[in-house]
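Take a look at the structure set out below.
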Amino acid sequence: MLEAGTLVALCSASKRDRFLVTLEDGGKLETRLGIILHDQIMSAGYGGRVLSHNGSVFYVTKPTLEEYLRKIKRKTQIVFPKEAGYILLQLDIKPGARVIECGTGSGGMTTVFANFVGDEGRVYSYDVREEFVELAKRNCRRWKVEHRVSFNVRHISEGFDESDVDAVFLDIPDPWNYLPQVRKAIALGRRMGALLPTFNQIERFLRSLEENAFVDVEVLEILHRGLKCDPDRIRPEDRMIGHTGYLIFATPVMPSGRGDEVI
């Protein structure tokens, strides 16, 4: 038996329709395949089967974070799930981590970071647009991780309040202008990352990383191609998720010329 306030996924048995629903007492979901009562979903529970008013079959499942990201309300482009997982690995995001994110946007990556730092960690998210921050708060709240995030309406040029954080991620159009602010906030030897859409931006960023004593630089693009799940005609899907952005990662180290190099 599920409770009101639970977020569930409904999967059509005959079509590819999927819906994310926050359950309410007496609520209902209206779809092209019929109306489904929330009380039915609560009674069915995870893995259960429910019928719409016209007899269409749906299964109740527990939504994944990947599915949630694809369906969140947005006013901006989000970091796609295909990039999000690699970002977590590169930045070593784990329970207890403290991470700064600049470019909150709609809160997709904010939700991902908050999901993985746990209650003992913290996400510090910055954006200049208060309307984006408010939307991000709502999206984090729906996934029940808002309490792990400190939201700030501020331009990155003013710097960050935090220091010695474990990671920094920049989703802004000109990250090369703000590496001094990043260096002040991140612990030496830890990883920072950025997302950029064009080669011209990558070129400027790479030059700035070198000038600001960042090493171990990696630039990559991640593509995502699914396969049809029909055992009688397995082949690639007709469409794929192609270019959505380039990922750049680097590590700040002690600048040379201070007389403290190891010989």
| said: What does the charge count around PRO236 come to, taking other residues whose C-beta lies under 14 Å from its C-beta (Lys +1, Arg +1, Asp -1, Glu -1)? | reply: +2
| message | Please give me, ordered by residue number, the trypsin sites (Lys or Arg not before Pro) of region 1-67 that lie in loop per DSSP and have at most 10 other Cβ atoms within 10 Å. | response | ARG16, ARG32
| task | Pull up the DSSP beta bridges for region 87-238 and report the antiparallel fraction as a percent, rounded to 5. | result | 5
| Global geometry of region 81-123, whether rounded, prolate or oblate, following the gyration tensor of its Cα atoms and the 1.5 cut on a/c | oblate
| request: Write down the radius of gyration of region 1-99 and its Dmax, each obtained from C-alpha positions, in Å. | output: 16.3, 50
| task | Working with all protein chains in place, sort GLU237, GLU30, GLU67 by solvent-accessible area computed with a 1.4 Å probe, largest first. | result | GLU30, GLU237, GLU67
| query | If all Cα-Cα distances of region 39-159 are sorted into 5 Å bins from 0 onward, what percent lands in each bin, rounded to whole numbers? | reply | 2, 11, 19, 19, 17, 11, 8, 7, 4, 2, 1, 0
| said: With the alpha-carbon atoms as the only input, what is the per residue convex hull volume for the chain in Å³? | reply: 163
| task | Return the whole-Å distance between the Cα centroid of region 86-108 and the Cα centroid of region 206-239. | result | 18
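The values are calculated or read from the model by the stated rules, or taken from the named source; none is laboratory data. For clarity, every value in this text was computed on a predicted model and none was experimentally measured. Neighbour counts run over all protein chains shown; Cβ positions are idealised from the backbone, glycine included. The accessibility values were calculated without ligands, DNA or RNA, using every heavy atom of the protein model including side chains. Shrake-Rupley method; radii C 1.70, N 1.55, O 1.52, S 1.80 Å.
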